[in-house]
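Working notes, beginning with the structure itself.
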Amino acid sequence: MVDENYLIAAHEVGHQLIGKARGLAITTISIRRGRELNPVASYDPTQPMPTDDQMLEILLAGWAGEAYILSHPRHCQHFDTRLFLAKIPDGRSGTGWPWALLTGGGSDFGRISRLRGKRLRALFPNRILTTIAGEIHDKRDRFFEIVDRLVDQKLLTADVFNALADGENWSIEMQQQSVSANYDHDLKYFYPKDQLSD
C-alpha cells in the first residue's frame, strides 16, 4: 500500500512534469493540507496557456502519475502497459472520474468538462493516460526524485521544481529555498498583510 502523501505527491508531480513538457509555467507545487489548503499545482497566469488538447493531457497527468506509482517500482526499466492499465481504477484520488466530468466541479475532471469538445475523449481516457504514463516512465528518475522531495518538503517553488526536472541534484540551496517558501506561505496564510507591521 502506498502512503497517501506519496500518492498525492505523484499526482501533483504528474501534472507538473507533463505541464512543463507542454510549456506551462508553474509558481509552486504543494501537498500541504489543512483549513482551506489543498494539494495544488499553481500556474503562472502571466504565461501563455496551452491548447485545449494539451490542457487535457496536463489535467489527466495527475491521475497517470498516481497509476504509474502504483504500477511501477522505482527501478523498473520497462513500461508495462497491462500493469499500468490494471492500476488506473486505483489511481483516481482527486480526479472525481467520471461524475465530475458530467457535472462539473473543481476536480481535474470538472476542469476538463469546461474544455470545449474534450469531454468525450476524457470519458474514455485509457489511451491518453497510457501515453502520458509512458512520458513519465521516460523521466522516471526525475519523477521519483521530485515526488520524494515534495513529500519531504511539502512545497516546492518553480525554481526548485524546474531544477530537479532538468536533472540537477538536490542541494542545500534547494532545501533552504523550500524552507523559506514554506515559511513565507505560513506567514501570508496565518498573518494577513493588514496585520503585519513593517
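So what are the ³J(HN,Hα) numbers for the range 73-89, from phi and the Karplus equation (6.51, -1.76, 1.60; θ = phi - 60°), rounded to whole Hz, Gly and Pro as x?
Per-residue couplings from phi come out as x, 3, 9, 5, 7, 10, 7, 9, 4, 5, 5, 4, 4, 5, 8, 3, x Hz.
Could I have the simple spin-label model distance between GLN175 and ARG127, label points 7 Å from Cα toward Cβ, reported in nm to one decimal?
Those two pseudo-labels are separated by 4.7 nm.
What are the aspartates and glutamates whose alpha-carbon lies under 16 Å from the alpha-carbon of LYS118, with same-chain residues fewer than 8 places away excluded?
ASP52, ASP53, GLU57, ASP108
Tell me, what HN-Hα J-couplings in whole Hz come from the Karplus equation 6.51 cos²θ - 1.76 cosθ + 1.60 at θ = phi - 60° for each residue of the range 18-27, using x for Gly and Pro?
Using θ = phi - 60°, the values come out as 6, x, 4, 5, 9, x, 8, 7, 10, 10 Hz.
Could you put VAL160, VAL2 in order, starting from the residue whose Cβ has the fewest other Cβ atoms within 10 Å?
VAL2, VAL160
Read-outs throughout are calculated quantities, based only on the coordinates presented, and are distinct from any laboratory measurement. This is a predicted model, so every value here is computed, not measured. Backbone-built Cβ (ideal geometry, glycine too); neighbour counts: all protein chains shown.
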